Amino acid sequence: MGGGPGGRPPGDGGRAGGGPAKKRPKRKDPLWARLTVIFGAVLMLSSGVGIVGSKVLIGQATGDIAQGNLLGDASKSDAEGGASLDGPIDMLLLGVDARERWAADNVRSDSIIILHIPASHDQAYLISIPRDTQAEIPAFPKSGYTGGTAKINAAFEAGARNGGGWEGGAQLMAQTIKRLTGVSFDGAAIINFGGFKNVIDTLGTVRICVSHEVKSKHMSFVDGKPMWNADAKKTGKPMTTVVHKKGCREMEGWAALDYSRQRYGLPGGDYDRQQNQQQLIKAMARKATDGGMLTNPAKLQQLTKAAGKALVLDTGGVAIEDFVFTMRGVTANELTMLKTNNGTFNATGNGTEALNAETMDMFRAVKQDKLAEFVFTHPEVISNRK
(Lines give C-alpha, C1' and ligand atoms only; values in the text may rest on other atoms or scores of the structure.)
Protein backbone atom coordinates (compact mmCIF):
# COMPACT_ATOMS: atom_id res chain seq x y z
CA MET A 1 0.00 0.00 0.00
CA GLY A 2 1.08 3.59 -0.44
CA GLY A 3 3.32 5.18 2.15
CA GLY A 4 3.42 8.58 3.79
CA PRO A 5 0.85 10.22 6.06
CA GLY A 6 -2.53 8.56 5.64
CA GLY A 7 -1.00 5.91 3.40
CA ARG A 8 -0.59 3.23 6.05
CA PRO A 9 -2.06 -0.19 5.22
CA PRO A 10 -5.73 -0.64 6.10
CA GLY A 11 -6.26 -2.00 9.60
CA ASP A 12 -4.27 0.61 11.52
CA GLY A 13 -7.48 2.20 12.74
CA GLY A 14 -8.08 5.89 13.17
CA ARG A 15 -10.66 8.37 14.31
CA ALA A 16 -14.17 6.86 14.33
CA GLY A 17 -17.23 8.27 12.64
CA GLY A 18 -17.97 9.83 9.33
CA GLY A 19 -20.06 12.92 10.00
CA PRO A 20 -23.44 13.61 8.47
CA ALA A 21 -24.14 12.14 5.05
CA LYS A 22 -24.11 14.54 2.12
CA LYS A 23 -27.06 14.27 -0.24
CA ARG A 24 -26.49 14.04 -3.98
CA PRO A 25 -28.45 16.28 -6.32
CA LYS A 26 -31.83 14.82 -7.19
CA ARG A 27 -31.86 13.03 -10.52
CA LYS A 28 -34.16 14.07 -13.36
CA ASP A 29 -36.19 10.88 -13.04
CA PRO A 30 -36.81 8.51 -10.09
CA LEU A 31 -34.07 6.13 -11.26
CA TRP A 32 -33.98 4.41 -7.91
CA ALA A 33 -37.56 3.33 -8.39
CA ARG A 34 -36.08 0.32 -10.21
CA LEU A 35 -33.69 -0.94 -7.56
CA THR A 36 -35.63 -2.47 -4.68
CA VAL A 37 -34.94 -6.04 -5.80
CA ILE A 38 -31.46 -6.19 -4.31
CA PHE A 39 -32.40 -5.78 -0.72
CA GLY A 40 -34.06 -9.11 -0.18
CA ALA A 41 -36.25 -8.05 2.70
CA VAL A 42 -36.90 -4.64 1.14
CA LEU A 43 -38.34 -6.38 -1.87
CA MET A 44 -41.76 -4.75 -1.80
CA LEU A 45 -42.65 -5.93 -5.26
CA SER A 46 -43.89 -8.88 -7.22
CA SER A 47 -45.38 -9.84 -10.55
CA GLY A 48 -49.13 -10.24 -10.30
CA VAL A 49 -49.24 -9.65 -6.52
CA GLY A 50 -50.69 -6.38 -5.33
CA ILE A 51 -48.86 -4.40 -2.67
CA VAL A 52 -51.16 -3.52 0.20
CA GLY A 53 -50.89 -0.06 1.67
CA SER A 54 -50.38 3.42 0.37
CA LYS A 55 -47.20 5.29 -0.42
CA VAL A 56 -47.72 7.12 2.85
CA LEU A 57 -47.59 3.83 4.74
CA ILE A 58 -44.44 2.74 2.90
CA GLY A 59 -42.87 6.15 3.49
CA GLN A 60 -43.51 5.88 7.21
CA ALA A 61 -42.18 2.33 7.34
CA THR A 62 -38.99 3.12 5.44
CA GLY A 63 -38.28 6.41 7.18
CA ASP A 64 -35.46 4.95 9.27
CA ILE A 65 -33.35 3.83 6.30
CA ALA A 66 -30.19 5.96 6.27
CA GLN A 67 -29.24 7.60 2.99
CA GLY A 68 -26.01 9.13 1.75
CA ASN A 69 -23.62 9.67 -1.16
CA LEU A 70 -22.00 6.26 -1.54
CA LEU A 71 -20.61 6.56 -5.07
CA GLY A 72 -18.77 9.85 -5.48
CA ASP A 73 -16.92 9.87 -8.81
CA ALA A 74 -17.92 6.28 -9.66
CA SER A 75 -21.51 7.14 -10.54
CA LYS A 76 -22.74 6.87 -14.12
CA SER A 77 -22.57 9.98 -16.23
CA ASP A 78 -25.58 11.29 -18.13
CA ALA A 79 -23.99 9.88 -21.28
CA GLU A 80 -24.03 6.43 -19.65
CA GLY A 81 -27.72 6.79 -18.84
CA GLY A 82 -27.30 7.83 -15.24
CA ALA A 83 -30.10 10.39 -15.39
CA SER A 84 -32.74 8.25 -17.07
CA LEU A 85 -35.05 5.40 -16.15
CA ASP A 86 -34.32 3.82 -19.51
CA GLY A 87 -31.43 1.47 -20.09
CA PRO A 88 -29.57 -0.95 -17.80
CA ILE A 89 -29.13 -0.34 -14.09
CA ASP A 90 -26.03 -1.28 -12.10
CA MET A 91 -25.82 -1.07 -8.35
CA LEU A 92 -23.01 -1.79 -5.91
CA LEU A 93 -23.85 -3.77 -2.77
CA LEU A 94 -21.28 -3.77 0.02
CA GLY A 95 -21.75 -6.17 2.89
CA VAL A 96 -20.07 -5.36 6.19
CA ASP A 97 -20.03 -7.34 9.40
CA ALA A 98 -20.15 -4.36 11.76
CA ARG A 99 -20.56 -4.79 15.50
CA GLU A 100 -21.07 -2.16 18.13
CA ARG A 101 -17.64 -2.64 19.67
CA TRP A 102 -15.84 -1.95 16.38
CA ALA A 103 -14.73 1.53 15.32
CA ALA A 104 -16.68 3.03 12.42
CA ASP A 105 -13.50 3.56 10.38
CA ASN A 106 -11.94 0.14 11.01
CA VAL A 107 -14.35 -2.07 9.05
CA ARG A 108 -13.65 -3.86 5.78
CA SER A 109 -16.23 -4.87 3.21
CA ASP A 110 -15.76 -8.60 2.64
CA SER A 111 -18.97 -8.95 0.62
CA ILE A 112 -18.79 -7.08 -2.69
CA ILE A 113 -21.72 -7.68 -5.04
CA ILE A 114 -22.73 -6.00 -8.28
CA LEU A 115 -26.42 -6.03 -9.15
CA HIS A 116 -27.14 -5.73 -12.86
CA ILE A 117 -30.63 -5.12 -14.22
CA PRO A 118 -30.79 -5.12 -18.04
CA ALA A 119 -32.66 -2.47 -20.00
CA SER A 120 -35.66 -4.79 -20.20
CA HIS A 121 -36.04 -4.43 -16.40
CA ASP A 122 -37.44 -7.95 -16.12
CA GLN A 123 -34.35 -9.77 -14.81
CA ALA A 124 -31.64 -9.22 -12.23
CA TYR A 125 -28.14 -10.66 -11.83
CA LEU A 126 -25.87 -10.83 -8.78
CA ILE A 127 -22.09 -10.96 -9.36
CA SER A 128 -19.67 -11.20 -6.43
CA ILE A 129 -16.11 -9.91 -6.53
CA PRO A 130 -13.66 -12.03 -4.46
CA ARG A 131 -12.51 -10.20 -1.33
CA ASP A 132 -8.87 -11.12 -2.03
CA THR A 133 -8.82 -9.75 -5.59
CA GLN A 134 -5.66 -7.73 -6.21
CA ALA A 135 -6.62 -4.20 -7.16
CA GLU A 136 -5.17 -0.75 -7.66
CA ILE A 137 -6.84 1.42 -5.02
CA PRO A 138 -6.71 5.09 -6.09
CA ALA A 139 -5.71 7.93 -3.82
CA PHE A 140 -8.57 9.29 -1.71
CA PRO A 141 -7.89 12.76 -0.25
CA LYS A 142 -11.05 12.65 1.87
CA SER A 143 -9.47 10.05 4.17
CA GLY A 144 -5.83 10.94 3.54
CA TYR A 145 -5.16 7.67 1.72
CA THR A 146 -2.40 8.03 -0.88
CA GLY A 147 -3.21 5.01 -3.04
CA GLY A 148 -1.62 1.62 -3.58
CA THR A 149 -2.06 -2.03 -4.52
CA ALA A 150 -3.86 -4.36 -2.10
CA LYS A 151 -6.69 -6.83 -1.71
CA ILE A 152 -9.85 -5.13 -2.88
CA ASN A 153 -11.65 -5.52 0.47
CA ALA A 154 -9.11 -3.05 1.92
CA ALA A 155 -10.54 -0.22 -0.18
CA PHE A 156 -13.50 0.28 2.14
CA GLU A 157 -11.35 0.73 5.24
CA ALA A 158 -8.92 3.00 3.39
CA GLY A 159 -11.79 5.30 2.45
CA ALA A 160 -13.46 5.15 5.86
CA ARG A 161 -10.41 6.05 7.98
CA ASN A 162 -9.69 9.49 9.41
CA GLY A 163 -13.33 10.49 9.52
CA GLY A 164 -14.21 9.31 6.01
CA GLY A 165 -16.83 7.01 7.53
CA TRP A 166 -18.84 4.40 5.70
CA GLU A 167 -19.71 6.96 3.04
CA GLY A 168 -16.03 7.46 2.22
CA GLY A 169 -15.43 3.72 2.35
CA ALA A 170 -18.16 3.05 -0.18
CA GLN A 171 -16.96 5.83 -2.49
CA LEU A 172 -13.40 4.51 -2.60
CA MET A 173 -14.60 0.95 -3.10
CA ALA A 174 -16.81 2.06 -6.00
CA GLN A 175 -13.92 3.93 -7.60
CA THR A 176 -11.65 0.89 -7.19
CA ILE A 177 -14.18 -1.45 -8.80
CA LYS A 178 -14.78 0.96 -11.67
CA ARG A 179 -11.03 1.07 -12.32
CA LEU A 180 -10.83 -2.74 -12.15
CA THR A 181 -13.88 -3.73 -14.19
CA GLY A 182 -14.88 -0.64 -16.17
CA VAL A 183 -18.38 -0.73 -14.63
CA SER A 184 -19.75 2.52 -13.22
CA PHE A 185 -22.85 2.63 -11.06
CA ASP A 186 -26.29 4.11 -10.76
CA GLY A 187 -26.22 3.73 -6.99
CA ALA A 188 -25.09 1.73 -4.01
CA ALA A 189 -26.07 0.26 -0.68
CA ILE A 190 -24.14 -0.80 2.40
CA ILE A 191 -25.68 -3.86 3.97
CA ASN A 192 -24.90 -4.77 7.56
CA PHE A 193 -25.28 -8.54 7.39
CA GLY A 194 -25.52 -8.62 11.16
CA GLY A 195 -28.50 -6.29 10.97
CA PHE A 196 -30.22 -8.68 8.58
CA LYS A 197 -30.92 -11.00 11.53
CA ASN A 198 -33.82 -8.74 12.46
CA VAL A 199 -35.12 -8.92 8.89
CA ILE A 200 -35.00 -12.73 8.82
CA ASP A 201 -36.59 -12.90 12.25
CA THR A 202 -39.42 -10.75 10.89
CA LEU A 203 -39.76 -13.12 7.93
CA GLY A 204 -39.69 -16.02 10.40
CA THR A 205 -37.09 -18.22 8.70
CA VAL A 206 -35.43 -18.58 5.29
CA ARG A 207 -34.84 -21.79 3.38
CA ILE A 208 -31.12 -22.40 2.88
CA CYS A 209 -29.47 -25.38 1.22
CA VAL A 210 -26.07 -26.18 2.75
CA SER A 211 -23.86 -27.64 0.03
CA HIS A 212 -20.94 -28.63 2.28
CA GLU A 213 -20.93 -29.32 6.02
CA VAL A 214 -18.95 -26.63 7.80
CA LYS A 215 -18.05 -25.81 11.40
CA SER A 216 -18.64 -22.23 12.44
CA LYS A 217 -15.58 -20.11 13.16
CA HIS A 218 -17.69 -17.49 14.87
CA MET A 219 -20.41 -19.06 17.02
CA SER A 220 -20.89 -21.76 19.65
CA PHE A 221 -23.73 -23.14 21.75
CA VAL A 222 -23.74 -22.50 25.49
CA ASP A 223 -26.54 -24.27 27.35
CA GLY A 224 -28.17 -24.77 23.98
CA LYS A 225 -28.11 -21.06 23.13
CA PRO A 226 -26.11 -19.78 20.12
CA MET A 227 -23.58 -17.10 21.06
CA TRP A 228 -20.62 -15.27 19.54
CA ASN A 229 -17.47 -17.11 20.60
CA ALA A 230 -16.13 -14.02 22.38
CA ASP A 231 -19.32 -13.78 24.46
CA ALA A 232 -19.49 -17.53 25.00
CA LYS A 233 -15.99 -17.60 26.48
CA LYS A 234 -16.97 -14.99 29.04
CA THR A 235 -19.61 -17.31 30.49
CA GLY A 236 -16.98 -19.83 31.59
CA LYS A 237 -19.34 -22.63 30.59
CA PRO A 238 -18.76 -25.51 28.15
CA MET A 239 -18.96 -24.45 24.51
CA THR A 240 -20.19 -26.61 21.63
CA THR A 241 -19.22 -25.54 18.13
CA VAL A 242 -22.08 -24.71 15.78
CA VAL A 243 -22.03 -27.10 12.82
CA HIS A 244 -24.00 -26.46 9.64
CA LYS A 245 -24.98 -29.87 8.27
CA LYS A 246 -25.35 -30.58 4.57
CA GLY A 247 -28.92 -30.39 3.27
CA CYS A 248 -31.84 -27.98 2.83
CA ARG A 249 -33.71 -26.56 5.82
CA GLU A 250 -35.50 -23.55 7.23
CA MET A 251 -32.98 -21.44 9.17
CA GLU A 252 -33.53 -18.84 11.83
CA GLY A 253 -31.79 -15.50 11.38
CA TRP A 254 -28.72 -16.25 13.48
CA ALA A 255 -28.09 -19.58 11.70
CA ALA A 256 -28.57 -18.25 8.17
CA LEU A 257 -26.24 -15.32 8.82
CA ASP A 258 -23.62 -17.46 10.52
CA TYR A 259 -23.61 -19.90 7.62
CA SER A 260 -23.28 -17.05 5.10
CA ARG A 261 -20.15 -15.82 6.93
CA GLN A 262 -18.21 -19.08 6.72
CA ARG A 263 -15.29 -19.56 4.35
CA TYR A 264 -12.76 -21.59 6.34
CA GLY A 265 -13.47 -25.30 6.00
CA LEU A 266 -15.26 -24.91 2.68
CA PRO A 267 -13.56 -26.38 -0.42
CA GLY A 268 -13.98 -23.13 -2.37
CA GLY A 269 -13.17 -20.82 0.54
CA ASP A 270 -14.37 -17.30 -0.19
CA TYR A 271 -15.82 -18.41 -3.52
CA ASP A 272 -18.22 -20.72 -1.67
CA ARG A 273 -19.02 -17.91 0.75
CA GLN A 274 -19.84 -15.58 -2.15
CA GLN A 275 -22.41 -18.04 -3.47
CA ASN A 276 -23.81 -18.64 0.01
CA GLN A 277 -24.32 -14.92 0.55
CA GLN A 278 -26.02 -14.55 -2.83
CA GLN A 279 -28.19 -17.52 -1.85
CA LEU A 280 -29.15 -15.77 1.39
CA ILE A 281 -30.21 -12.58 -0.43
CA LYS A 282 -32.30 -14.60 -2.87
CA ALA A 283 -33.86 -16.66 -0.07
CA MET A 284 -34.87 -13.48 1.74
CA ALA A 285 -36.33 -12.03 -1.44
CA ARG A 286 -38.29 -15.21 -2.12
CA LYS A 287 -39.66 -15.34 1.42
CA ALA A 288 -40.68 -11.68 1.28
CA THR A 289 -42.62 -12.20 -1.96
CA ASP A 290 -44.02 -15.67 -1.33
CA GLY A 291 -44.61 -15.55 2.42
CA GLY A 292 -47.59 -13.22 2.47
CA MET A 293 -45.57 -10.20 3.62
CA LEU A 294 -46.86 -8.11 0.71
CA THR A 295 -50.51 -8.67 1.53
CA ASN A 296 -50.30 -7.86 5.23
CA PRO A 297 -49.84 -4.12 5.92
CA ALA A 298 -48.69 -4.68 9.51
CA LYS A 299 -46.10 -7.28 8.47
CA LEU A 300 -44.99 -5.08 5.60
CA GLN A 301 -44.33 -2.21 7.98
CA GLN A 302 -42.42 -4.48 10.38
CA LEU A 303 -40.31 -5.76 7.49
CA THR A 304 -39.33 -2.36 6.17
CA LYS A 305 -38.52 -1.09 9.65
CA ALA A 306 -36.29 -4.10 10.26
CA ALA A 307 -34.59 -3.59 6.90
CA GLY A 308 -34.00 0.08 7.70
CA LYS A 309 -31.68 -0.93 10.53
CA ALA A 310 -29.52 -2.97 8.17
CA LEU A 311 -28.99 -0.56 5.26
CA VAL A 312 -27.34 2.64 4.15
CA LEU A 313 -28.80 3.53 0.77
CA ASP A 314 -27.89 5.94 -2.02
CA THR A 315 -31.14 6.88 -3.77
CA GLY A 316 -30.03 10.07 -5.45
CA GLY A 317 -32.54 12.04 -3.37
CA VAL A 318 -35.58 10.11 -4.65
CA ALA A 319 -38.13 9.09 -2.01
CA ILE A 320 -37.94 5.38 -1.20
CA GLU A 321 -41.70 4.96 -1.42
CA ASP A 322 -41.58 6.06 -5.07
CA PHE A 323 -39.34 3.24 -6.24
CA VAL A 324 -41.10 0.67 -4.08
CA PHE A 325 -44.16 1.03 -6.30
CA THR A 326 -42.29 1.26 -9.60
CA MET A 327 -40.20 -1.92 -9.85
CA ARG A 328 -42.63 -4.76 -10.51
CA GLY A 329 -40.95 -6.74 -13.28
CA VAL A 330 -38.34 -8.53 -11.17
CA THR A 331 -39.02 -11.11 -8.49
CA ALA A 332 -36.85 -13.53 -6.54
CA ASN A 333 -37.36 -16.17 -9.23
CA GLU A 334 -35.73 -13.84 -11.78
CA LEU A 335 -32.70 -13.19 -9.58
CA THR A 336 -29.79 -15.03 -11.23
CA MET A 337 -26.62 -15.66 -9.23
CA LEU A 338 -23.33 -15.64 -11.16
CA LYS A 339 -19.81 -16.80 -10.26
CA THR A 340 -16.53 -14.99 -10.85
CA ASN A 341 -13.53 -17.12 -11.84
CA ASN A 342 -16.08 -19.91 -12.36
CA GLY A 343 -16.22 -20.28 -8.57
CA THR A 344 -12.62 -21.50 -8.21
CA PHE A 345 -9.34 -20.05 -7.02
CA ASN A 346 -7.23 -18.02 -9.45
CA ALA A 347 -4.24 -17.16 -7.27
CA THR A 348 -1.58 -14.64 -8.27
CA GLY A 349 1.13 -16.25 -6.14
CA ASN A 350 1.33 -13.41 -3.61
CA GLY A 351 -1.73 -14.26 -1.54
CA THR A 352 -4.22 -12.45 -3.76
CA GLU A 353 -6.68 -13.45 -6.48
CA ALA A 354 -6.89 -12.23 -10.08
CA LEU A 355 -10.01 -12.01 -12.21
CA ASN A 356 -9.63 -14.44 -15.11
CA ALA A 357 -10.31 -13.65 -18.77
CA GLU A 358 -13.83 -15.10 -18.69
CA THR A 359 -14.75 -12.94 -15.70
CA MET A 360 -13.40 -9.80 -17.36
CA ASP A 361 -15.51 -10.68 -20.42
CA MET A 362 -18.50 -10.98 -18.10
CA PHE A 363 -17.94 -7.48 -16.73
CA ARG A 364 -17.61 -6.14 -20.28
CA ALA A 365 -20.98 -7.75 -20.99
CA VAL A 366 -22.39 -5.94 -17.95
CA LYS A 367 -21.12 -2.61 -19.21
CA GLN A 368 -22.50 -3.27 -22.71
CA ASP A 369 -25.81 -4.65 -21.34
CA LYS A 370 -25.18 -7.99 -23.04
CA LEU A 371 -25.05 -10.11 -19.91
CA ALA A 372 -27.99 -12.33 -20.91
CA GLU A 373 -26.20 -13.29 -24.11
CA PHE A 374 -22.97 -13.91 -22.21
CA VAL A 375 -24.67 -16.18 -19.68
CA PHE A 376 -26.39 -18.11 -22.48
CA THR A 377 -23.03 -18.90 -24.09
CA HIS A 378 -21.24 -19.40 -20.73
CA PRO A 379 -23.71 -21.35 -18.56
CA GLU A 380 -20.88 -22.46 -16.29
CA VAL A 381 -20.91 -19.03 -14.61
CA ILE A 382 -24.38 -19.64 -13.15
CA SER A 383 -24.30 -20.56 -9.45
CA ASN A 384 -25.93 -23.89 -8.62
CA ARG A 385 -27.02 -22.74 -5.16
CA LYS A 386 -30.77 -23.19 -4.73
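The values are calculated or read from the model by the stated rules, or taken from the named source; none is laboratory data. Keep in mind that this is a model prediction, so the values were computed, not measured. Here the Cβ is made from the backbone with ideal geometry for all residues, glycine too, and neighbour counts use every protein chain on show. Heavy atoms of the whole protein, side chains included, go into the accessibility calculation; ligands, DNA and RNA do not. Shrake-Rupley method; radii C 1.70, N 1.55, O 1.52, S 1.80 Å.
Some points to look at:
- Measuring between alpha carbons in the structure, the pairs from 76/197; 282/339; 234/305; 287/367; 305/370; 339/386 lying more than 25 angstrom apart are 76/197; 234/305; 287/367; 305/370.
- By accessible area, using a 1.4 Å probe on protein heavy atoms only, region 151-298 has 50% of its surface on carbon and sulfur.
- Solvent-accessible surface of region 160-218, taken per residue with a 1.4 Å probe and all protein chains present: 28 Å².
- Amide hydrogen proximity for residue 185: with H placed 1.01 Å from N in the peptide plane, the residues at 5 or more positions away or on another chain lying under 5 Å are 75, 76.
- Spatial separation of Cα centroids for region 249-291 and region 213-236, in angstrom: 19 Å
- Global geometry of region 154-195, whether rounded, prolate or oblate, following the gyration tensor of its Cα atoms and the 1.5 cut on a/c: oblate
- Qualifying trypsin sites (Lys or Arg not before Pro) in region 188-260, where qualification requires a DSSP coil assignment and no more than 15 other C-beta atoms within 10 Å, comprise 245, 246.
- Long-range tail of P(r) for region 199-250 (Cα pairs > 11 Å, %): 71 percent
- Neighbourhood net charge (14 Å Cβ-Cβ; Lys/Arg +1, Asp/Glu -1) for residue 149: -1
- On full extension, the segment bounded by residue 221 and residue 378 gains 52.2 nm, given 0.36 nm per residue less the C-alpha separation.
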